[in-house]
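The values are calculated or read from the model by the stated rules, or taken from the named source; none is laboratory data. Bear in mind that the values here come from a model prediction, so they are computed numbers and not experimental data. Here the Cβ positions follow ideal geometry from the backbone for every residue, glycine too, while neighbour counts run over all protein chains shown.
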Amino acid sequence: MNETEPQADKVDAAPQEVPEEIAQATNEYSPEPYSGEFPIVISGLRNAFGDFVVHENLDLKVRRGEVIGIVGGSGTGKSVLMRSIIGLQFPSEGTIEVFGQDITAAEPDEVIGVRDRWGVLFQGGALFSTLTVAENVEVPLKQYYPELSKQLLDEIARYKVVLTGLPESATSKYPSELSGGMKKRAGLARALALDPELLFLDEPTAGLDPIGAAKFDDLTRELANTLGLTVFLITHDLDTLYAICDRVAVLADKKVIAVGTIPELLETQHPWIEEYFNGPRARAATATHNRAKGIDNNTGGGS
Ligand SMILES: Nc1ncnc2c1ncn2[C@@H]1O[C@H](COP(=O)(O)OP(=O)(O)O)[C@@H](O)[C@H]1O
Ligand SMILES: [Mg+2]
């Protein structure tokens, strides 16, 4: 299959370019942006399904404004971790603070106030197949701002769609009419609908070809920079880790065993980390990264 990816190398995402009408309509409802250091603080987390323990004593602090990569073998509980942070999986022990509020203790009403401050692209990126791209983006908008006029909803949806590098014509398309990469972008547009401060991406580049994946990575980094987002990014993709993550958290043995920059992680002596970052795929990713940075793989630090 020959997927035609939109050109999204330059994303026009400067916050001041939000049309004024849209800014007014949405700002009216939004609280002050979070100004603390750690928008997500997880302490002593335990998640279990019956006797099967996924997380035990898991701690993690996510810094404001960082793109943090979450890695770990298949089934180590990356998606379950994300689901607990956004309140879809209730932990049996521990606390999870989001924007300084313990969401495990909060009443459902209070959680609502936090919930419109994050956006989520779920694994698989499921869009509603019977809705157009614009209608998909409008789902969270209608939920949180039921009084917005149809005209304003369409205007905001169009803005979000274009923000993710899709052509404006994509707004009226159905998911089945889009390539894999375009679907991911549409999912991202929906995740950005409510101007979130926190963005959760679960395996966003899975299933994309390497070029499509690299473009999606660039888009994520650019949106994070220009919109000042904190990004919680679950990925298998070593290229993604090298290209856009400020820090990486490693899930193994039911907890976060290490968190840091890639050079810091390379110092960590844990069998999974050593194998992951020193295997053949890691060497290829390091070489690509070094080439992009102009480092000679034979004489530079790259292995
Ligand atoms: N709703 C559920 N009920 C029972 N087991 C689950 C449920 N969700 C996830 N699990 C199990 O928890 C473990 C972690 O799952 P998941 O977080 O999806 O892994 P991954 O790291 O691949 O994202 C897996 O063994 C999975 O089978
Ligand atoms: Mg998963």
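At-a-glance table
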| item | result |
| --- | --- |
| Test: residue in region 281-289 that is in contact (Cβ under 8 Å) with a residue 60 or more places away in the chain and under 22 Å from the mean Cα position of the chain (by Cα) | no |
| Some residue of region 231-240 being within 16 Å of ligand 1 (Cβ to nearest atom), among the β-branched types (Val, Ile, Thr), assigned to a helix (DSSP H, G or I) and in contact with a Ser or Thr (Cβ under 8 Å, 6 or more places away or on another chain) | yes |
| Sole residue being in a helix (DSSP H, G or I), farther than 30 Å from TYR34 by Cβ and not polar (S, T, N, Q), chosen from ARG221, ARG283 | ARG283 |
| Selection from region 38-68 of residues that are within 12 Å of VAL256 (Cα to Cα) and either within 14 Å of ligand 2 (Cβ to nearest atom) or among the aromatic types (Phe, Trp, Tyr) (or both) | VAL54, HIS55 |
| Pairs, first within 14 Å of ligand 1 (Cβ to nearest atom) and charged (D, E, K, R) in region 50-62, second at pLDDT 95 or above and in a strand (DSSP E or B), C-beta under 6 Å, six or more apart | GLU56/ARG46 |
| Scope region 192-212; condition crowded, with 21+ Cβ neighbours inside 10 Å and within 14 Å of GLY165 (Cβ to Cβ); matching residues | LEU192, PRO204, LEU208 |
